[in-house]
Amino acid sequence: MRSTLIDVAREAGVSAATVDRVLNNRPGVRVRTREIVFDTARRLGYIAEGKTASPHTAADTIRLDFVLPVGTNTFIRKLNEQLGSQAALRPDLDVRIHAIEGFNPDTLAQTLRDLHGNTQGVGLIALDHPTVREAIRELSANNIKVVTLATDILHVPRVAYVGIDNRQAGRLAGHVVGRLLGTDAPGKVAMFAGSLSYRGHQEREMGFRHILAEEFPKLEIVELREMGDDRERAYSEASALLDRHRDLAAIYNIGAGNQGIAQAMREHNKEGEIVFIGHELTEGTKRFLLDGTMDAVIDQNPRVEAREALNILTHSVRELAYEGHPPRLHLILKENIPEV
């Protein structure tokens with residue numbers, strides 16, 4: 001006996017109305033469900049073997065929103081650009097990027113709440129704050145998929161974290177500082193952070209402190225300054241730091257603001273004298289590596305992070321498995337600078 005539409009619906013585990021919508025190319029059905037229905041219909045001989053699921057319709061387009069902080073952080077600007085350029089090549093996606101004040105948790109939480117009912121997935125660089133955690137829980141409760149980018153938040157229902165191991169990054173920075181300064185002589189080390197309300201910055205600090213305590217106990221961390229990822233504030237803080245500690249041996253910058261720190265070092269004639277380690281390969285940090293102001297840059301690839309965030313959210317919305325390829329830490333020195 002020839003199979004019927006009811007047989008296809010039963011075998012595919014969907015309603016007869018869903019099968020009818022799929023086979024007649026009407027909107028309102030997930031891409032994965034469409035594929036299952038067509039596979040089942042072909043297997044049962046209800047449709048010809050060569051017939052395939054039609055390309056996505058406007059109703060199949062997935063709406064994704066990304067919430068990123070504004071400011072002078074070059075890495076975040078590059079991540080923003082990569083999300084936009086990669087999304088433009090994906091006709092199945094409708095991607096919108098929201099720029100907000102970087103260090104205000106209430107603004108971030110309100111932006112997330114405003115997305116209710118208007119999105120299927122959200123990616124964000126998130127402050128680890130109670131109001132932000134609650135806003136993420138509310139998104140998840142409404143079946144909106146969430147990924148955290150560059151810095152993670154634990155104990156919230158997110159699909160994935162897309163970014164490097166920040167504690168490992170801090171340990172790597174400490175290892176480089178210790179090896180360059182040596183283990184015999186004491187030395188003063190200063191740290192700068194964008195904001196310790198970012199868990200990623202906390203983890204970098206923790207990793208850096210731990211490896212210095214474990215392997216380079218003669219190195220003393222004399223100051224840790226938060227500068228809000230602001231170039232001008234980084235310059236003023238670094239200038240004051242160099243005035244207070246004229247025998248400073250090393251600087252580790254956890255976040256953005258490398259240009260401000262480098263300017264202060266040049267004005268104090270400290271370039272090449274103080275070990276300077278920072279994050280993210282940009283045109284600015286590339287120049288500082290080449291002229292000797294910076295000794296090393298720990299890089300994460302915004303192109304990879306954008307790709308993974310888009311793929312993870314898309315597969316999660318479609319209820320498809322996805323094997324991710326997380327970004328890796330790269331230690332960049334003067335002799336191995338890749339193209340920016």
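The values are calculated or read from the model by the stated rules, or taken from the named source; none is laboratory data. This structure is a prediction, so every number in the text was calculated from the model and none was measured. No Cβ is skipped: glycine too gets one built from the backbone with ideal geometry, and neighbour counts run over all protein chains shown. Surface areas here come from the heavy atoms of the whole protein model, side chains and all, with no ligands, DNA or RNA. Shrake-Rupley method; radii C 1.70, N 1.55, O 1.52, S 1.80 Å.
Assuming R0 = 45 Å, can you tell me the calculated FRET efficiency for the pair Met206 and Arg10, based on Cβ-Cβ distance, to the nearest 0.05?
On the way: r = 55 Å, r/R0 = 1.23.
It comes out at approximately 0.20.
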*Along the principal axes of its C-alpha atoms, what lengths does the chain span, in descending order and rounded to whole Å?*
89, 40, 33
*Leu172 - accessible surface, heavy atoms, 1.4 Å probe, Å² rounded to 10*: 50 Å²
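From the Cα gyration tensor of segment 132-238, with a ≥ b ≥ c the square roots of its eigenvalues, which class applies: rounded if a/c is under 1.5, or else prolate if a/b is larger than b/c, or else oblate?
On the way: a/c = 3.49, a/b = 1.99, b/c = 1.75.
Prolate, because a/c is 1.5 or more and a/b exceeds b/c.
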*Kindly state, to the nearest 0.05, the FRET efficiency for Ala99 paired with Leu44, given R0 = 56 Å and r defined as their beta-carbon distance.*
0.65
*Can you give the net charge of the other residues whose Cβ lies under 9 Å from the Cβ of Tyr46, counting K and R as +1 and D and E as -1?*
+2
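Using a 1.4 angstrom probe on the protein heavy atoms only, could you order Lys218, Lys78 from most to least accessible area?
Working: Lys218 105, Lys78 50 Å².
In descending accessible area the options line up as Lys218, Lys78.
Ranked highest first by the average count of other Cβ atoms within 10 Å around their residues, in what order do 174-184, 124-134, 89-99 fall? Walk me through the intermediate numbers first.
Details: 174-184: 16.7, 124-134: 20.3, 89-99: 14.9.
Packing order, densest peptide first, comes out as 124-134, 174-184, 89-99.
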_Residues of type lysines that Lys286 reaches as a straight line, Cα spacing below 17 Å, ignoring anything fewer than 8 places off in the same chain_ = Lys78, Lys334
*Please find, in a Gaussian network model of the chain (springs between Cα atoms separated by less than 10 Å), the residue of Asn311, Asn269, Asn80 whose mean-square fluctuation is greatest.*
Asn269
_Prolate/oblate/rounded label for segment 162-296 (Cα gyration tensor, a/c 1.5)_ = rounded
*Amide H neighbours of Leu93 under 5 Å, counting only residues 5+ apart in sequence or on other chains, H built in-plane at 1.01 Å?*
Ile62
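Can you give me the accessible area per residue for segment 101-230, using a 1.4 Å probe, in Å²?
Solvent-accessible surface per residue comes out at 42 Å².
What GluC sites (Glu not before Pro) does segment 211-256 have in DSSP loop regions with at most 11 other beta carbons within 10 Å?
Qualifying residues, ordered by number: none.
Within the chain, what percent of beta bridges assigned by DSSP are antiparallel, to the nearest 5? Can you show the working numbers first?
Values: 3 of 40 bridges.
Just about 10 percent of them are antiparallel.
Work through the residues other than Arg199 whose Cβ is under 13 Å from its Cβ and net out their charges, Lys, Arg +1 and Asp, Glu -1. Don't jump to the answer; show the numbers that get you there.
Working: positive: Arg133, Arg158, Arg167, Arg204; negative: Asp128, Asp152, Asp165, Glu203, Glu205.
Net charge in that neighbourhood comes out at -1.
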*So, how do all the Cα-to-Cα distances of segment 79-142 break down into 5 Å bins, in percent, from 0 on up?*
3, 16, 27, 21, 18, 11, 3, 0
*Angle between the Cα long axis of helix 105-114 and the longest principal axis of the chain, 0 to 90 degrees, nearest 10?*
10 degrees
*asked:* Counting only helical runs of four or more DSSP H residues, what would the 222 nm mean residue ellipticity of the chain come to if each run contributes -39,500 (n - 2.57) and the total is spread over all its residues?
replied: -13500 deg cm²/dmol
*Can you pull the one-decimal nm distance between simple spin-label points at Ser140 and Glu323, each 7 Å off the Cα toward Cβ?*
2.6 nm
*Express the relative contact order of segment 49-199 as a whole percentage, based on alpha carbon pairs under 8 Å and six or more residues apart in sequence.*
20 percent
*On the accessible surface of the chain, probed at 1.4 Å, how many percent belong to carbon and sulfur atoms?*
48 percent
